[in-house]
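A short worksheet on the structure shown next.
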Amino acid sequence: MNIRRLGLEQRFQEWLRGQFAANAPYNETVSQIILAKGQAAQTGPALFYTALKMQPEELAASTSKFFCGVQIQCAQCHDHPFDHWTRKDFWGYAAFFARLQKPLGDQQAAFQATDTPTGEVKIPDTDDDVMPQFLGGVPSKDNDRTRRIRLAEWLTSKDNPYFARATVNRVWALMFGRGLVDPVDDLGAHNPSSHPELLDELSNWFAESGFDLQRLVRVLARTKAYNRSSRIESGGEDAPELFARMAIKSLTAEQLYDCLIEAMKRRDSTTVTNVHNIPYYNDVNRQEFLEKLRAPTQGATQYEGGIPQALTLMNGSMIRQATDISKSDLLLALDAPFFTDEGRLEVLFLSTLSRKPTPREHKKLTKYVTDGGVTDNRREALADILWGLLNSSEFVLNH
């Protein structure tokens, strides 16, 4: 692993987390990425450029995919086989990045992301310079502003036909397990939305809200669709694109780590936070956990983890710390004399599953605590229950 590279990526993630925590308008966040200047080692947004080595074609493919939800990279060498994009469309969009100063050698990390007054791109195997044009073929007129400024203004505009739709579709996919358009990065007439009127209404509302991501998440979280059960009705047809039930989704490694920290109620005085009280990513335990838990996936609703991931959850250092009766802040807090066994059990359930135990769980597990578990020790019985809750499907899945 390239430690320096990892540190830069963490800096970019910290910057993004700060933007989301401060609820910065999403169009402003994207604009800062497009207009990034300075060294990647010092400013988070600049890493976006250095990670792609300042190459216009790489930047064009990435920005169109992430911010517009379209796959124009297929038109880099030939006209798109399934969509309407042409080579001129691709290279016209790439021309917005043609005047970035290029780094020399392996100097990306220390390189300044700046614009130069000259620089063009050519369609491969031709001699003609391609002038910048927005997606859809509309030319960008030269003026006293840099090409990146013109691109940022168009990209994050309310009138952009792609930006709000792509963002809404991506957030919907994060919350529901699949997008209104699936895959999320392939919007177009060849891949229509399952609910076109809904996507249009949400996209227009999102733009009018000032591109407020937190409001968008709250609105989606309060819908009947999001609050549906994950159970399939007997004899019913399971059609994921209809969103008739809530999909069962795997937590990412990052989400699972954060959930464990929250469940453990760990009081770590050494944790360093940024201005938004978000822990920095220079957490060795976090990186170790992510490396072990990260597994190949085919989407939020499918998980292909194996033995290493299962063993990490069963007996990894995080779980051992969480269930060690001499080190776990949560278990130590339950030693307070004002707790009854029933109360201790409720605290464990609320801390891990955000609910109280069912009457059946309550009866069975309270007796287990009262009897002292398998070792005739109430504290160890509570640790056993906590271990079981942290390894339950209800904890590691989002449904």
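The values are calculated or read from the model by the stated rules, or taken from the named source; none is laboratory data. Predicted model, so just to flag it, every value in this text is computed and none were measured. Heads up, the Cβs are rebuilt from the backbone with ideal geometry, glycines too, and the neighbour counts pull from every protein chain shown.
Find the residue count for segment 332-374, including only residues that are part of a helix (DSSP H, G or I), within 15 Å of LEU386 (Cβ to Cβ) and within 38 Å of the chain's Cα centre (by Cα).
Qualifying residue count, segment 332-374: 14.
Considering segment 375-399 alone, what residues qualify as being without any contact (Cβ under 8 Å) to a residue 12 or more places away in the chain and either at positive phi or over 32 Å from the mean Cα position of the chain (by Cα) (or both)?
The answer is THR375, ASP376, ASN377.
Check off (1) more than 17 Å from the chain's Cα centre (by Cα); (2) at pLDDT 55 or above; (3) exposed (fewer than 12 other Cβ atoms within 10 Å of the Cβ) for ILE261 and give me the number that stays unchecked.
For ILE261, the failing item is (3).
So which residues in segment 267-294 are in a loop (DSSP other than H, G, I, E, B), modelled with pLDDT under 65 and not hydroxyl-bearing (Ser, Thr, Tyr)?
ARG267, ASP268, VAL272, ASN274, VAL275, HIS276, ASN277, ILE278, ASN282
Spot the failing condition for ASP79; the list is (1) in contact with a helix residue (DSSP H, G or I) (Cβ under 7 Å, 6 or more places away or on another chain); (2) of a type in the set (D, E, K, R); (3) crowded, with 19+ Cβ neighbours inside 10 Å, and only one is missed.
(3)
Restricting to segment 132-149, count the residues that are of a type outside the set (Phe, Trp, Tyr) and buried (at least 16 other Cβ atoms within 10 Å of the Cβ).
Of the residues in that region, 8 qualify.
Starting from residues that are part of a loop (DSSP other than H, G, I, E, B) and of a type in the set (A, V, I, L, M), keep the ones in segment 232-255 and report whichever is nearest to GLN309 (Cα to Cα). Step through it out loud before you land on a result.
From segment 232-255, those part of a loop (DSSP other than H, G, I, E, B) are 232-239, 243-248, 251-252; that's our starting set.
After this cut, where a residue has to be of a type in the set (A, V, I, L, M) as well, the list is 232, 239, 244, 246-248, 251.
Details: ILE232: 28, ALA239: 30, ALA244: 31, MET246: 25, ALA247: 22, ILE248: 19, LEU251: 12 Å.
Of everything passing the filter in segment 232-255, LEU251 is nearest to GLN309 (Cα to Cα).
Given the condition at pLDDT 85 or above, on the phi > 0 side of the Ramachandran plot and in the same structural domain as ARG147 (by TED's automatic domain parsing), answer yes or no: does some residue in segment 9-23 qualify?
Scanning segment 9-23 turns up at least one residue that is at pLDDT 85 or above, on the phi > 0 side of the Ramachandran plot and in the same structural domain as ARG147 (by TED's automatic domain parsing).
Filter segment 9-39 for residues that are farther than 26 Å from ALA173 by Cβ and surrounded by fewer than 18 Cβ atoms within 10 Å (Cβ to Cβ); which is nearest to the chain's Cα centre (by Cα)?
LEU35
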